[in-house]
Amino acid sequence: MNVVFLGPPGAGKGTQAETLSKQRGMEHISTGEVLRGAVDAGTPVGLRARKYMEKGALVPDEVVVDIVAERIGKNGRCKNFLLDGFPRNLNQAKALDKTLSGLKDRLDVVFYFAVSEETAVSRLTGRWICSGCGSNYHQHYMPPRKPGVCDKCGKALQQRPDDKVETVKERLKVYRKQTADLIDYYEKQGLLMKINADRDVKEVYEEVTKALDSLNRER
Ligand code: AP5
């Protein structure tokens, strides 16, 4: 299955993608994670991306499109992927269509994680990430056993620099202006499946897996 997770920042895409990709043996491609890795490593891509990410803006398409095309096309082609945070505008969606058609492949489904802005802001401003293994926590919804310390590896938890309130507001603005159009784009292609992401993690996961199972049966 080739799957896209679409939705505003804080909708829970990364949380669901992490579990689903492990459970179903899918390749999880998160452009945000790849870019944060490049920023931390100080690579040329990271140096270029950093100034956009800090402001909550999108990184230029040519940088992100190449990253995704390379991951999907590696070793001939990737057969079972979950794209999280890509595409984020019409240009990226068209570039993805081109990459896939070049590989004689296609998307199977686009899950649109619908969530209120109020929920998104509260999830992002309360998110904590492990500085060691990258595990994801939330101060209220998914707290670690010991405050500030990762349950899995014992390293310190930290806030993502773009999770400060002002940057979160900017990211949501960018989403409304540039990414929300993709809902219509994929709906017209009959690929869109809307998920009510304003519920707890387990309920959202069950809805996604149920939908995937039914798509698998129809194939
Ligand atoms: P990216 O890393 O993709 O961030 P995002 O899309 O803004 O998504 P988030 O990771 O913030 O939210 P999420 O929906 O994954 O929520 P999560 O599961 O973590 O992108 C960051 C930046 O990189 C962009 O701003 C841009 O600059 C650049 N970039 C990336 N891709 C790009 C592209 N294609 N083009 C150009 N630029 C690009 O959950 C959030 C919190 O809520 C967590 O604490 C979690 O524990 C909690 N939570 C999750 N689900 C639930 C739930 N159901 N109930 C309660 N709490 C929950």
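For the chain, the solvent-accessible area with a 1.4 angstrom probe is 53 square angstrom per residue. Positive end of the dipole of segment 3-218, charges at C-beta (+1 Lys, Arg; -1 Asp, Glu), about the Cα centre: which of Pro44, Ser101, Leu182 has its Cα farthest in that direction? The residue sitting most towards the positive pole is Pro44.
So if we plug the beta-carbon distance of Cys133 and Gln159 into 1/(1 + (r/R0)^6) with R0 = 22 Å, what FRET efficiency do we get, rounded to 0.05? Intermediate values should be presented prior to the final figure.
On the way: r = 16 Å, r/R0 = 0.74.
Efficiency at R0 = 22 Å is approximately 0.85.
The modelled label-to-label distance between His140 and Gln23, using points 7 Å beyond Cα along the C-beta direction, is 2.5 nm.
Can you give the extra length, in nm with one decimal, that the chain gains between Arg217 and Glu170 once fully stretched, where that is 0.36 nm per residue apart less the Cα-Cα distance?
On the way: separation 47, 0.36 × 47 = 16.92 nm, distance 4.06 nm.
Difference between extended and current length: 12.9 nm.
Give the ranking of Arg123, Arg171 by solvent-accessible surface, highest area first, calculated with a 1.4 Å probe.
Numbers: Arg123 50, Arg171 30 Å².
Ranked from most to least accessible, the order is Arg123, Arg171.
Using the alpha carbons alone, the radius of gyration of the chain stands to its Kirkwood radius in an Rg to Rh ratio of 0.94. Our estimate of slack between Glu70 and Thr209, defined as 0.36 nm per intervening residue step minus the Cα-Cα distance, is 47.3 nm. Taking a straight line from the alpha carbon of Lys51, these aspartates and glutamates sit under 20 Å away, with near neighbours fewer than eight places off in the same chain left out: Glu33, Asp40, Asp61, Glu62, Asp66, Asp162, Asp163, Glu166, Glu170.
Secondary structure note: in the chain, about 30% of the DSSP beta bridges are antiparallel.
Net charge within 10 Å of Gly85 by Cβ-Cβ distance, Lys/Arg positive one each and Asp/Glu negative one each, not counting Gly85 itself? Mind showing how you got there, number by number?
Numbers: positive: Lys13, Arg88; negative: Glu33, Asp84.
Surrounding charge for Gly85 is 0.
Report, in whole Å, the centroid distance computed from the Cα atoms of segment 28-47 and segment 177-198. Segment 28-47 and segment 177-198 have Cα centres separated by 26 Å. The calculated FRET efficiency for Asn196 paired with Asp151, based on their beta-carbon distance and R0 = 22 Å, is about 0.20.
Summarise the accessible area of the chain (1.4 Å probe, protein heavy atoms) by the percent that is carbon and sulfur. The partial results should precede the final answer.
On the way: 5850 of 11570 Å².
Summing carbon and sulfur atoms, their accessible area is 51 percent of the total for the chain.
Taking only C-alpha pairs under 8 Å that are 6+ residues apart, what is the relative contact order of the chain in percent? Write out the running numbers ahead of the final one.
On the way: 313 pairs, mean separation 62.8, N = 219.
So the answer I get is 29 percent.
When the surface is traced with a 1.4 Å probe over the full set of protein chains, Asp162 keeps roughly 20 Å² accessible.
Annotation: lysines with alpha-carbon distance below 27 angstrom to Lys188 (same-chain offsets under eight excluded): Lys13, Lys79, Lys94, Lys98, Lys104, Lys173, Lys177, Lys210.
The values are calculated or read from the model by the stated rules, or taken from the named source; none is laboratory data. Just so you know, these numbers come straight off a predicted model, no measurement behind them. For neighbour counting, all protein chains shown are included, and Cβ atoms are generated from backbone atoms with ideal geometry for every residue, glycine included. The protein model used for the area step is the full one, side chains on, heavy atoms only, and it has no ligands, DNA or RNA in it. Shrake-Rupley method; radii C 1.70, N 1.55, O 1.52, S 1.80 Å.
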